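Right, one structure below, let's go through it.
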Amino acid sequence: MRSRGLTFDHARLRQERLQRREQAGGGWTLDDAARRMGASETSVMYWEKGSRMPGPRHLQALCRVYGLEPWDLMPPPPEGPRLLDLRMRSCLTQQQVADRLQVGQSSYSHAEIGRKPLTATHARQLARLWRLPVDVVVEASKRSDRGRRRSEHAQAPGA
């Protein structure tokens, strides 16, 4: 499933739950999985079907319950991660990242989607937050900007 430019491996999620059910000799119903991760049974069903995607808080719970890393369920795009991918990998919301940067959520959101350039100071702060080299964050920011320009071009009149 693709949402917000992210890919979520819903089949892997279902496979993980069914594998645990088999290993345990039962249990691990949708309701059991939902209780373990603090979500509703309906949400887990939507995630497994691929009709919805978990947010950062539930992604973190999924990873904890199934012993996975976020990249296991949300692989980065082939061209490399964008700021959105790095944030989701860290299981943080835009507001949580903005708070760490001491900026407003909309200001960080604009950087994440490429509407506003990422400052060098913010790139260093994000690199520390995500425990990544600064150049990885800078490149992710550039990819975010390229994605915005492609979508603007596609929506331009006469394009």
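The values are calculated or read from the model by the stated rules, or taken from the named source; none is laboratory data. Quick caveat: nothing in here was measured; it's all calculated off a predicted structure. Note that we place each Cβ from the backbone using ideal geometry, even for glycine, and neighbour counts take in every protein chain shown.
Annotations for the structure displayed:
- The one condition from (1) under 17 Å from the mean Cα position of the chain (by Cα); (2) more than 22 Å from Asp145 (Cα to Cα) that Arg14 does not meet is (1).
- Taking the criterion of being within 17 Å of Thr7 (Cβ to Cβ) and of a type in the set (Phe, Trp, Tyr), the residues of the range 38-85 that qualify are Tyr46, Trp47, Trp71.
- Val103 assigned to a helix (DSSP H, G or I), touching a residue at least 12 places away in the same chain (Cβ under 8 Å), surrounded by 15 or more Cβ atoms within 10 Å (Cβ to Cβ) and β-branched (Val, Ile, Thr): no
- Looking only at the range 41-78, and only at residues there that are in contact with a Gly (Cβ under 9 Å, 6 or more places away or on another chain) and touching a residue at least 24 places away in the same chain (Cβ under 8 Å), the one that is nearest to Lys116 (Cα to Cα): Pro77
- Given (1) closer than 23 Å to Ala61 by Cβ; (2) in contact with a helix residue (DSSP H, G or I) (Cβ under 8 Å, 6 or more places away or on another chain); (3) in a loop (DSSP other than H, G, I, E, B), index of the condition Pro75 fails: (2)
- Scanning the range 53-72 turns up no residue that is crowded, with 17+ Cβ neighbours inside 10 Å, basic (Lys, Arg) and under 17 Å from the mean Cα position of the chain (by Cα).
- Flag if Ser43 is outside any loop (DSSP other than H, G, I, E, B), of a type in the set (Gly, Ala, Ser), farther than 15 Å from Arg12 by Cβ and over 11 Å from the mean Cα position of the chain (by Cα): yes
- Of the residues making up the range 46-72, just one is part of a loop (DSSP other than H, G, I, E, B) and of a type in the set (S, T, N, Q), namely Ser51.
- Failed condition for Leu92, given (1) surrounded by fewer than 18 Cβ atoms within 10 Å (Cβ to Cβ); (2) free of Cβ contacts under 8 Å to residues at least 40 places away in the same chain; (3) under 19 Å from Ser141 (Cβ atoms): (1)
- Summed over the range 73-128, the residues that are hydroxyl-bearing (Ser, Thr, Tyr) and closer than 25 Å to Glu48 by Cβ give a count of 2.
- Among the criteria (1) in contact with a His (Cβ under 6 Å, 6 or more places away or on another chain); (2) over 25 Å from His122 (Cα atoms), the one Gly25 does not fulfil is (1).
- The range 120-150 - residue that is of a type in the set (S, T, N, Q) and either exposed (fewer than 13 other Cβ atoms within 10 Å of the Cβ) or modelled with pLDDT of 95 or more (or both) and, of those, nearest to Gln94 (Cα to Cα): Gln125
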